[in-house]
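**Q** Just dropping this structure here.
The values are calculated or read from the model by the stated rules, or taken from the named source; none is laboratory data. Quick caveat, the model's predicted, so the values are computed rather than measured. As a convention, Cβ positions derive from the backbone with ideal geometry for all residues, glycine included, and neighbour counts pool all protein chains shown. Side chains are part of the model used for accessible areas, which takes the heavy atoms of the whole protein and leaves out ligands, DNA and RNA. Shrake-Rupley method; radii C 1.70, N 1.55, O 1.52, S 1.80 Å.
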Amino acid sequence: MKLFNVYPLFDVEPVEADGCLLYDQQHTAYLDFYGGHAVISIGHAHPHYIKRITDQLGKLGFYSNSVPIRIQKDLAHKLGEMCGYYNWNLFLVNSGAEANENAFKVASANNGRKKIIAFEGAFHGRTSLAVAATDNPNILFPVNEGAEVIRFAFGDFDGVEAEIKKGDTCCVILEGIQGVGGIKEPAQDFLRHVRSLCDETDTVMIMDEVQSGYGRTGRFFAHQHAFVQPDIITMAKGMGNGFPVGGVLIHPKFEARYGLLGTTFGGNHLACAAALGVLEVIENEKLIQNAKEIGNYLAGELSGIPQIKEIRGRGLMIGIEFDFEVADLRKKLLYEQKIFTGSSSNKNTIRLLPPLNIGKKEVDQFITALKEVLS
Ligand code: PLP
């Protein structure tokens, strides 16, 4: 059997990794400035993380949600402490798309509506139809029975206001910082405006922090730079440092009831051990502070490169825009300089999402390499 060929892959196969380095079969080292789409938060093969997972595997590797799982409570407690949403509730899932699906369900179960407001350049995942095919009316919400999605440009105050004021919007979903869309951040006053419109109309505000969360931008969640509190937050990628785990953070005003949400694998013991290990390393090694400081240093060094048209983002979620397509530049960075970078739907933008524990040395290596391939 072959793999279903849906990913355009570079022909470099990492077989080992350590910190911010990946090694191929010839043991050539590559600097990882992409972290598998922001998945690697604390660095590859972190010893504390590995110990957490292997200890858990030795106890009880995996069991489904049909029995109480203590480690889920430990994770919820630690997460609440670190992100500041102490009294919220956590629903554990396996991916970013699943987190967003469940966020829509909670919103729709709450206000009975099915219209979703989303934004140009947004990416929220690739699922949606399984529930429609499932023969169980108890898990069908208005939003599953023909959701209508209306899309606006970021910052279209008037359009969004007019739509929400109609009073029939289920929810508004925004990324803390758009990743796939090319590292674009909603203006802080726009976020605050959306917040107050949602309050006026009983519309649910969902922040998708799947890529921008977990300390990447120099705060736990990117929306916290704007001092806005949404009603639901979704997260995944950096949460497990590569272990598939996601979560929905739910404001206490939403009531849980049995059967409202569900998943077989979501919140399994190993996923929780991985996610706890990540939080412990982020805390012990002050990685949120590091993301802020090294991110500022990186942005400062990039600003001295004349070919760059624009630098966007915060912390270690950076978009570098040129006035030409970057595919060749990225190939040169990979094959000549041995550095992994990322792309986005904006073909002129390089996306950088390195592990949160990189230092100035790695930034200097990247800057020297970038200048060389640009010259
Ligand atoms: N939301 C955002 C902001 C993302 O960047 C992604 C993935 O790139 C998703 C949701 C979907 O996550 P997953 O691929 O884990 O389903």
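**Q** Could you list, in sequence order, all residues of segment 5-58 that are open to solvent by 80 Å² or more (accessible area, probe 1.4 Å), free of Cβ contacts under 8 Å to residues at least 60 places away in the same chain and more than 16 Å from the ligand (Cβ to nearest atom)?
**A** Selection gives 5, 9, 11, 13, 16, 18, 25, 26, 27, 47.
**Q** For segment 65-157, which helices (runs of 4 or more DSSP H) that fit wholly inside it have 2 or more residues that are open to solvent by 60 Å² or more (accessible area, probe 1.4 Å) and free of Cβ contacts under 8 Å to residues at least 60 places away in the same chain?
**A** Because the criterion is at least 2 residues that are open to solvent by 60 Å² or more (accessible area, probe 1.4 Å) and free of Cβ contacts under 8 Å to residues at least 60 places away in the same chain, the helices (runs of 4 or more DSSP H) in segment 65-157 that meet it are 70-83, 130-133.
**Q** Taking the condition of being basic (Lys, Arg) and open to solvent by less than 10 Å² (accessible area, probe 1.4 Å), how many residues in segment 196-235 meet it?
**A** Final tally of qualifying residues: 1.
**Q** Check 59, 2 and return the single one that is among the basic types (Lys, Arg) and assigned to a loop (DSSP other than H, G, I, E, B).
**A** Going through 59, 2 in turn, just one is among the basic types (Lys, Arg) and assigned to a loop (DSSP other than H, G, I, E, B): 2.
**Q** Mind checking which pairs have a first residue in segment 357-375 that is within 16 Å of residue 320 (Cα to Cα) and among the small types (Gly, Ala, Ser) and a second that is at pLDDT 95 or above and assigned to a helix (DSSP H, G or I), Cβ under 7 Å, 6 or more apart or different chains?
**A** 369/333
**Q** Residue check: is residue 172 part of a loop (DSSP other than H, G, I, E, B) and either in contact (Cβ under 8 Å) with a residue 40 or more places away in the chain or among the small types (Gly, Ala, Ser) (or both)?
**A** no
**Q** Residues of segment 68-105 being within 16 Å of the ligand (Cβ to nearest atom) and either farther than 30 Å from residue 286 by Cα or hydroxyl-bearing (Ser, Thr, Tyr) (or both), which ones?
**A** 95, 101, 102, 104, 105
**Q** Go through segment 208-221 and give me each residue that's near the ligand (Cβ under 10 Å from one of its atoms) and not polar (S, T, N, Q).
**A** Scanning segment 208-221 gives 208, 209, 210, 213.
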